[in-house]
Amino acid sequence: MKKIIFGNRAWQQDLMTAYSFRFTETPEFVQQADHITTAENREHREGFDNISLLSRERYEKGVKATLRCAFDGLGCPEIIIVEKTEDCPDGAIRYGACFEVVLWKNGVNVWRHYMDEDGHRCYWHKRLGLNLPVAEGAAHELQVEIIRNYIVFSVDGVGVKLRTEDLPDTFHVGVTACEGIVRLYDFEIDQQPDDSTEDQVS
């Protein structure tokens with residue numbers, strides 16, 4: 001099990017900063033005493049920083065990721081599953097195809113992103129939306145577990161499972177902050193054998 005604390009810059013040893021191919025902008029997280037955060041960014045097309053952090057190693061089914069986070073307004077903390085990354089000419093690491101489990105003030109959405117390999121054109125659709133009031137400014141626990149053909153997710157212990165036939169066999173696990181002010185406190189990744197969780201999914 002790996003637990004990453006965002007209260008000091010040691011997190012940079014375990015996670016690499018990355019960006020979606022949707023954007024050319026490459027902002028950085030702002031380091032605070034007990035968390036990292038995003039900022040309003042008038043140079044970014046969304047009006048706020050959009051930044052991802054990805055595990056340097058690859059994981060596989062059976063992994064569980066837990067993020068302790070907070071947001072203001074329309075800010076969205078996410079746990080993401082990324083199939084592959086690419087080193088770009090501007091020095092940034094970018095990714096296209098992925099799954100996003102997105103926490104926001106009205107609940108949790110699960111998005112599937114795709115990428116046209118030739119033109120780096122990204123497109124996406126929503127797989128599931130869970131309506132759930134989530135308080136702005138408060139710390140929340142977002143958890144995602146990949147079990148065989150399911151994404152099992154929860155926020156503060158309330159969640160559902162989503163059958164997902166197109167999960168990759170191996171992937172990077174990470175977080176994204178977008179669309180508003182997001183604060184990330186800690187991130188835990190726990191890889192277990194996939195068959196050890198068989199009884200949890202019917």
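At-a-glance table
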| read-out | value |
| --- | --- |
| Percent RCO, i.e. relative contact order, over the chain, from Cα pairs under 8 Å lying at least 6 residues apart | 33 |
| Cα gyration tensor of the stretch 10-49 - equivalent ellipsoid semi-axes, whole Å, descending | 20, 14, 5 |
| Peptide ranges 103-113, 62-72, 5-15 listed from the most packed, as the mean C-beta count within 10 angstrom indicates | 62-72, 103-113, 5-15 |
| Accessible solvent surface per residue of the stretch 1-80, calculated while the other protein chains remain in place, 1.4 angstrom probe, Å² | 46 |
| Share of Cα-Cα pairs in the stretch 1-118 lying beyond 25 Å, as whole percent | 21 |
| Share of pairwise Cα separations in the stretch 92-168, more than 18 Å, in percent | 46 |
| Accessible area per residue, Å², the stretch 87-134 with all protein chains present, probe 1.4 Å | 52 |
| Cα extents of the chain along the three principal axes, largest first (Å) | 48, 42, 32 |
| Flagged links, alpha-carbon separation over 23 Å, of Lys2/Lys105; Lys61/Lys105; Lys3/Lys64; Lys2/Lys126; Lys84/Lys105 | Lys2/Lys105; Lys61/Lys105; Lys2/Lys126; Lys84/Lys105 |
| Solvent-accessible area, 1.4 Å probe, carbon plus sulfur percent, for the chain | 46 |
| Overall Cα dimensions of the stretch 50-96, principal axis frame, Å, largest first | 34, 31, 15 |
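The values are calculated or read from the model by the stated rules, or taken from the named source; none is laboratory data. Predicted, not measured: the structure shown is a model, and the values here were computed from it. Note: ideal-geometry Cβ built from the backbone for every residue, glycine included; neighbour counts use all protein chains shown. Areas reflect the complete protein model, heavy atoms only, side chains present, ligands, DNA and RNA absent. Shrake-Rupley method; radii C 1.70, N 1.55, O 1.52, S 1.80 Å.
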